[in-house]
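First up is the structure itself, then whatever we jot down about it.
The values are calculated or read from the model by the stated rules, or taken from the named source; none is laboratory data. Note that the structure is predicted; figures quoted are calculated from it, not measured. Every residue, glycine as well, gets a Cβ built from its backbone with ideal geometry; the counts of neighbours run over all protein chains shown.
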Amino acid sequence: MSRIQQLDSQIANMIAAGEVVERPMGVIKELVENSLDADSTRIVITIEGGGIQKLKVEDNGCGMDKEDALKAFGRHATSKIRQQNDLWHIGTLGFRGEALPSIASVSKLTLVTSDGNDATKVVMEYGENTLYTPQACPEGTSITVEGLFYRTPARLKHLRSANYEANLIQNLVCSFALSRPDVAFRLIHENREIFRSTGNNNLHEVIFQVFGRGAAENAVALDFSDLDYHVTGYAIKPLINRSNRNQMHVFLNRRMVRDYKLYQAIQEGYRSYLPQGRYPIVVINIDMDPHILDVNVHPSKWEVRLSKQTQLEYLLQDQIAKALQDTNLIKEVKEKPIVTTYYQPLAFEKEDLRPEPKREEEKPVVKEQPVVIQEEVVEIPLPVQEEIAKDNEVLQEIYQKPNRVEEKEETYDAVPAFPDIRLIGQFHQSYLLAEAENGLVLIHQRRASMRIAYEAMLQKQKEDTTMQQLLVPLTFHVPSTLVNRVEELNEAVAQLSVSFEPFGADTLLVREVPSWLMGMEEKDVLQDLLDYFQVEKRMTLDEVARKQIAMKASSHAVSQHTYLSQEQMEALLQQLRACQNPFITPQGKPILVMMDEKVLLKEFGQ
Ligand code: ADP
Ligand code: MG
């Protein structure tokens with residue numbers, strides 16, 4: 001007897017839902033895309049409980065007639081494509097006809113829609129149609145989703161605190177607003193408006209709303225094209241940068257995508273201006289003939305394929321580099337230093353963070369420019385009390401997870417004893433030469449001194465617990481949903497003695513920093529902490545601080561190609577010997593290389 005059965009449509013929809021909608025953010029992405037496809041000019045998103053409890057997307061688009069209002073929930077039901085050929089030039093954000101049936105299969109969904117003639121209400125509960133009736137409403141569509149994943153507990157469990165989900169949603173809505181400055185977006189969270197764009201088609205204004213004044217004032221307009229692509233948008237000057245790629249907003253035909261290679265091309269454009277391991281803020285839209293763009297790669301539509309990808313990469317890289325070079329704030333870097341081949345942006349954690357450029361003037365480090373970023377000038381009233389709604393259960397679960405900070409610290413137990421060596425001299429003004437009992441030892445002088453500086457700084461961090469009041473508090477423009485999570489944030493950074501204070505709806509303030517942080521571009525360190533906290537990278541916040549310390553240590557290090565006197569070399573060796581782990585740099589590179597005498601003798605044919 002045959003064992004194969006056709007799955008019923010409810011199961012098929014739930015399976016599709018697994019790919020299309022993973023969390024409230026995914027639902028909102030699909031609904032807003034539908035609103036944009038319906039030519040809406042105003043879209044209001046309302047969420048409660050991070051969208052888990054309830055979310056609603058209202059638009060003033062073309063709406064649907066009563067027949068379509070029901071048809072829309074059919075699997076693979078779409079008004080956007082009709083035949084195979086249409087797949088090769090998709091001009092809408094949606095086309096798969098999967099979102100509505102998928103969402104309706106895992107929630108209670110209420111659709112109210114009017115095309116100007118018919119006005120209809122449809123209620124779907126976990127895949128079942130429970131209501132289909134006329135209902136007056138203005139032209140446009142409103143979709144409310146409640147009890148998301150209520151009947152799919154595994155999914156529900158996967159969700160995080162309401163504030164965390166709200167944070168993701170806010171970032172998504174900001175990204176939509178950046179992709180479509182001609183559409184007015186509003187996001188309402190627990191009855192409070194937390195984001196608004198005007199829809200007056202002024203991208204620069206949206207950049208101000210999303211990233212704050214500093215970024216807006218340092219935004220370089222982009223507009224360039226070749227035969228196939230037309231690129232517009234803004235590149236934020238590299239003095240404002242981030243520790244991850246999350247603020248690289250790239251849109252293809254106004255579609256949000258994640259394309260690692262395009263990010264890389266953009267980073268290449270910034271290469272001469274950004275320290276390693278830092279990422280730019282960009283908002284870029286690339287228009288092209290839809291023929292070139294294959295969006296039918298994955299149900300969630302984040303991934304795409306481009307038939308002329310390399311051409312686009314070069315265009316981005318060259319033109320962005322040129323645009324940055326043309327701005328007067330950037331010190332011109334004439335040639336790429338030879339050592340840049342040493343830079344490995346992809347593996348920066350394993351590489352030396354700041355390899356020594358050979359000559360001073362070639363240093364591609366923007367920090368040294370005499371450019372002062374205009375910080376937002378603030379008056380400081382009493383701390384603003386924000387109501388902090390917390391999803392206690394989930395939060396507790398997170399905090400009960402074992403603290404990984406301890407585990408990640410360097411352990412020194414397994415470090416072998418430092419060999420008994422006698423200094424011979426310096427080689428190429430870059431390496432110390434020494435003899436050990438069974439061979440010749442080369443010591444990388446720059447790396448050695450980096451290790452010494454690193455351990456000294458860590459020691460300082462441990463010992464010096466004093467705090468330093470800042471004359472002018474540091475301010476950080478953040479999503480307001482992050483302001484709501486400030487308690488959670490402060491718990492996470494408590495170990496570093498850092499504390500953020502809410503200041504208005506979308507700003508966090510820091511009034512004092514630990515003394516060890518001073519002189520370490522403390523604003524960058526704190527910005528990194530915020531970035532990492534939001535994306536929950538596996539890296540702990542303590543590690544972020546360590547990374548910064550390592551970076552700083554590398555700038556304190558003795559250069560290669562530097563003559564050292566006998567005393568200096570002895571002192572260096574002495575200090576290295578005293579290190580907890582004298583064998584590798586903070587980034588894991590070897591400091592000592594030993595050439596076994598036996599191997600040497602073999603080379604001599606003995
Ligand atoms: P897709 O967007 O891939 O076509 P969906 O399941 O998201 O599939 O939507 C199904 C259909 O419902 C759409 O093709 C569209 O005709 C209609 N629809 C969905 N949302 C809206 C909306 N906000 N306004 C007008 N029509 C909509
Ligand atoms: Mg859709």
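Considering only the stretch 160-208, state which residues are surrounded by 19 or more Cβ atoms within 10 Å (Cβ to Cβ) and β-branched (Val, Ile, Thr). If the condition is that a residue be surrounded by 19 or more Cβ atoms within 10 Å (Cβ to Cβ) and β-branched (Val, Ile, Thr), then Ile169, Val173, Val183, Ile194, Val206, Ile207 are the ones that fit.
For the stretch 88-147, the set of residues classified as among the basic types (Lys, Arg) and more than 17 Å from Lys29 (Cβ to Cβ) consists of Lys108, Lys121, listed by residue number. When you check Glu128 against the structure, is it of a type in the set (Asp, Glu), more than 16 Å from ligand 1 (Cβ to nearest atom), closer than 25 Å to Arg254 by Cα and modelled with pLDDT under 95, yes or no? No: the conditions fail for Glu128. Answer yes or no as to whether His158 is in contact (Cβ under 8 Å) with a residue 40 or more places away in the chain and in contact with a His (Cβ under 7 Å, 6 or more places away or on another chain). The answer is no for His158.
In the stretch 93-120, of all residues being more than 29 Å from Met256 (Cα to Cα) and crowded, with 19+ Cβ neighbours inside 10 Å, the one that is nearest to ligand 2 (Cβ to nearest atom) corresponds to Thr120. Of the candidates Ile28, Ile45, Ile90, the single residue that is among the β-branched types (Val, Ile, Thr), at pLDDT 90 or above and either under 21 Å from Asn129 (Cα atoms) or within 14 Å of ligand 2 (Cβ to nearest atom) (or both) is Ile28. Residue count for the stretch 1-21 under the criterion of being of a type outside the set (Val, Ile, Thr) and within 16 Å of ligand 1 (Cβ to nearest atom): the result is 9. Output the residue which, of all residues in the stretch 458-494 that are β-branched (Val, Ile, Thr) and under 23 Å from Asp531 (Cβ atoms), is nearest to the chain's Cα centre (by Cα). By that ranking, first place goes to Val478. Beta carbons closer than 8 Å, at least 6 apart along the sequence or on distinct chains, pair a first residue in the stretch 24-36 that is more than 20 Å from Tyr150 (Cβ to Cβ) with a second that is in a helix (DSSP H, G or I) and within 9 Å of ligand 1 (Cβ to nearest atom) for Glu33/Ala99; Asn34/Ala99; Asn34/Leu100. Listed by position, the helices (runs of 4 or more DSSP H) inside the stretch 496-583 whose residues that are in contact with a helix residue (DSSP H, G or I) (Cβ under 6 Å, 6 or more places away or on another chain) and within 29 Å of Leu239 (Cα to Cα) number at least 2 are 522-535, 541-556.
Yes or no, residue by residue, for (1) modelled with pLDDT under 85; (2) surrounded by 13 or more Cβ atoms within 10 Å (Cβ to Cβ); (3) not in a helix (DSSP H, G or I):
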site	(1), (2), (3)
Leu382	yes, no, yes
Gln385	yes, no, yes
Ile388	yes, yes, yes
Arg422	no, no, yes
Leu433	no, yes, yes
Ile443	no, yes, yes
Gln461	yes, yes, no
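Take the conditions outside any helix (DSSP H, G or I) and at pLDDT 80 or above and apply them to Pro586. Does it pass? So Pro586 does not fit the description; no. Of the residues making up the stretch 32-50, those that are within 12 Å of ligand 1 (Cβ to nearest atom) and hydroxyl-bearing (Ser, Thr, Tyr) are Ser35, Ser40. Considering the conditions (1) away from ligand 2 (no atom under 12 Å from the Cβ); (2) crowded, with 24+ Cβ neighbours inside 10 Å; (3) not in a strand (DSSP E or B), Arg75 is excluded by exactly one of them, (2). Scanning the stretch 228-245 for residues that are within 20 Å of Gln311 (Cα to Cα), without any contact (Cβ under 8 Å) to a residue 60 or more places away in the chain and either in a loop (DSSP other than H, G, I, E, B) or of a type outside the set (Ser, Thr, Tyr) (or both) gives His230, Gly233.
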